[in-house]
Amino acid sequence: MNAIILDGEQRSALAASRSLGRRGIKVIVGAEKIPSLSSCSRYCGASFTYPSPYDDPDGFLRALKNLSRASRDSILFPMTDVTLTEILSNRMELPESVILPFVDYEKYLQVTDKIHLYRLGREMNVPLPATLISTDFDDRENLMEAVRKFGFPVVVKPAFSKIRTGKGWIDAKVYHVREETNLRNVFSYDIFRHYPFLVQKRIEGPGVGVFLLMKDGKVLARFAHRRIREKPPSGGVSVLCESIEPPADAMQAAVKILSALQWTGVAMVEFKIDREQNVAKLLEVNARFWGSLQLAISSGVDFPYLLFKLANGEKFEEPDRYTVGLRSRWELGDLDHLLLCLFKSPSKLNLLPNHPARGRLMKDFAFDFFRPSIRHEIWQDHDIRPFIHEIKGYVKHLFDR
């Protein structure tokens, strides 16, 4: 069996390519452009390009169908919501010999739609942030009045992180709002005038991710991390994270949600630990591989390889333990985090009062190059070309700006 890994510019694609390639599995990497972050890896056996799934979904599917016919007996790993959604919703168009080790489209929607996930969590008595749903209100003034009673700060989230339109896909950003005037401005944006969304009370506390591999609702492998630094700093992609023992309430909630759906495949269930109540509150579910995948692999839970074995019908036992206290650092993402904090005010970055001061951030950034608990995500001595590729792209982006 070969592995076809899509979204080759993603860090998760690189982690999966390294994981599978090191075990002798032929890895075929797809991306919009060659070279990509993952195709530069020594563990990439072949690569191909396809039209942008964001701008030309139909062209992307045609290219994937052509490759699938030529690469029979392969396991397909889409790495982003966009490619996974396009493939799941058009699964019947791909050859049966290509295995897609993910749930069906209907189950996928039940957790990626944040409104549906919120209602599902409420039915199951899973702790959640205080939430208002736009479609529950007749007009924006009624919603605004409810938010006043709710209190600020709040977070405004579209139901989907990526939204399919007649012209392709658009990003649906999350907005942190501190007062009513800003909220009115946010409500006026096209995305919130045309698509459903949630308003949630902002939770102060660390972000925690619970990662699961399941088959028919049964847990086959588990892992957890806490976010230390993110990009943007107010909450986003993890740039420094640490492996932890799964918080009992977060693990229980994650398993409860996914078991109810008879989940098969991987998922990342995201929580915030509410400092006031000391409770893990459910935020969202990523029904695919996640950006910090390398940390799980480095800690001893090799999700890509385990999913490959599951898809290939091979038996395996759940890893009995993993290394706790290991940290994974996305080097250039961490640099972006530092630069944002140095050159933008805390209010513009929507930072909470307890966010570390600039001096502390500079010190931590420098010392993290030497801490033995740190594992660098892109830079690896045995496979340095992806890091060189990323540096070139970073510098080019700076000059373009």
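Divide the volume of the convex hull around the Cα atoms of region 160-209 by the residue count and you get 95 Å³ per residue. Just to be sure I understand the curve: with the Debye formula and one point per C-alpha of region 296-373, what is log10 I(q)/I(0) at q = 0.14, 0.25, 0.28 Å⁻¹? Each listed q maps to, in turn, -0.68, -1.17, -1.31. Put simply, the convex hull of the Cα atoms in region 18-79 casts, on average, a shadow of 4.2 nm². Between Arg178 and Gln277, the distance separating the two model label sites (each 7 Å from Cα on the Cα→Cβ line) works out to 2.5 nm. Binning the C-alpha pair distances of the chain at 10 Å intervals from 0 yields a P(r) profile of 4, 21, 33, 28, 12, 2 %, listed from the shortest bin outward. At full extension, Gln262 and Asn185 could sit 23.6 nm farther apart than now, given 0.36 nm per residue minus the alpha carbon distance. Here is the tail figure for region 1-140: Cα pairs spaced more than 24 Å apart come to 40 percent of all pairs.
Charge tally around Gly168: other residues with Cβ under 14 Å, Lys/Arg +1 each, Asp/Glu -1 each, net -4. The overall shape of region 110-211 is rounded: from the C-alpha gyration tensor, with semi-axes ordered a ≥ b ≥ c, the ratio a/c is less than 1.5. Solvent-accessible area of region 1-110 (1.4 angstrom probe, protein heavy atoms only): carbon and sulfur portion equals 43 percent. Solvent-accessible area assigned to carbon and sulfur over region 205-333 amounts to 46 percent, based on a 1.4 Å probe. Between region 26-83 and region 208-226, the alpha-carbon centres lie 26 Å apart. Note: relative contact order over the chain, using C-alpha pairs below 8 Å and six or more positions apart, is 16 percent. Only aspartates and glutamates eight or more places from Lys215 in sequence, or on another chain, were considered; those with a Cα closer than 15 Å are Asp104, Glu314, Glu317, Glu318. To the nearest ten degrees, helix 385-400 and the longest principal axis of the Cα atoms of the chain are 50 degrees apart.
Residue separation of Phe369 and Asp139 scaled by 0.36 nm, minus their Cα-Cα distance, works out to 77.6 nm of gained length.
Label-to-label distance for Gln252 and Lys65 is 4.9 nm, based on points extended 7 Å past Cα in the beta-carbon direction. Centre-to-centre separation between the Cα atoms of region 166-205 and those of region 322-379: 26 Å. Ignoring lysines fewer than eight residues from Lys201 along the same chain, the ones with Cα atoms less than 28 angstrom from its Cα are Lys107, Lys114, Lys149, Lys157, Lys162, Lys173, Lys231, Lys256, Lys272, Lys281, Lys344, Lys348.
Here the Karplus curve 6.51 cos²θ - 1.76 cosθ + 1.60, taken at θ = phi - 60°, turns the phi angles of region 192-202 into couplings of 8, 7, 10, 10, x, 8, 10, 10, 10, 5, 6 Hz, with x standing for Gly and Pro. A viscosity of 1.567 mPa s and a temperature of 4 °C, combined with the Kirkwood radius over Cα pairs in Stokes-Einstein, give a translational diffusion coefficient for region 265-401 of 71 µm²/s. Compared with the alpha-carbon gap, the fully stretched path from Val395 to Lys218 is longer by 59.2 nm at 0.36 nm per residue. Taking every alpha-carbon pair under 8 Å whose residues sit at least 6 apart, region 178-229 reaches a relative contact order of 25 percent. Each label point was placed 7 Å from the Cα along the Cα-to-Cβ direction; for Tyr105 and Asn90 their separation is 1.1 nm.
The values are calculated or read from the model by the stated rules, or taken from the named source; none is laboratory data. Quick caveat: nothing in here was measured; it's all calculated off a predicted structure. When we count neighbours, we look across all protein chains shown, and the Cβ atoms used for this are built from the backbone with ideal geometry, even at glycine. For accessibility, only protein heavy atoms count, side chains too; no ligands or nucleic acids. Shrake-Rupley method; radii C 1.70, N 1.55, O 1.52, S 1.80 Å.
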